[in-house]
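Let me begin by presenting the structure, written as structure tokens, before commenting on it.
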Amino acid sequence: MAHVEGQQHPISVYLWIWGLLFVLSAFSYLVDYFGFQGYLRWSLILVFMLMKAGLIVAVFMHMRWERLALMYAILVPPLCLLVLISLMAVEGDYTFVTRASSFGQGSGVPVEHPYRPHGAG
């Protein structure tokens, strides 16, 4: 029987990625330390999270060295789900505005946005 050897990568690649993951984690903790608020805070946290996930998938799951067809087969379905989730979020707000304009005025039923506190604009 012939012994089949897999592809070996130098340990320095993994150490560099480990270091980058450590730095990106430190940046995501610094977002809270410096007290960023609102959309800036959440966008920075999401950007650092996606960068870390991309590094993990590319190097530790060996996606960087795979064929393009396999990359598309693994990466396209989650991207499609993200598009559909964003469309649902937009539609949900549209549905609320439509209900508020139809049933909220003069019907005697108070309509409040489910994600905004009472009295907030």
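Give the average over all directions of the projected area of the C-alpha convex hull of segment 7-65, one decimal, in nm².
Taking a quarter of the hull surface, the average projection is 4.1 nm².
Normalising by the residue count of segment 7-65, find the relative contact order in percent from Cα pairs under 8 Å and 6+ residues apart.
40
Every number in this text was worked out from the coordinates using simple rules, so none of it is lab data. Note that the structure is a prediction, hence the values are computed from the model and not measured.
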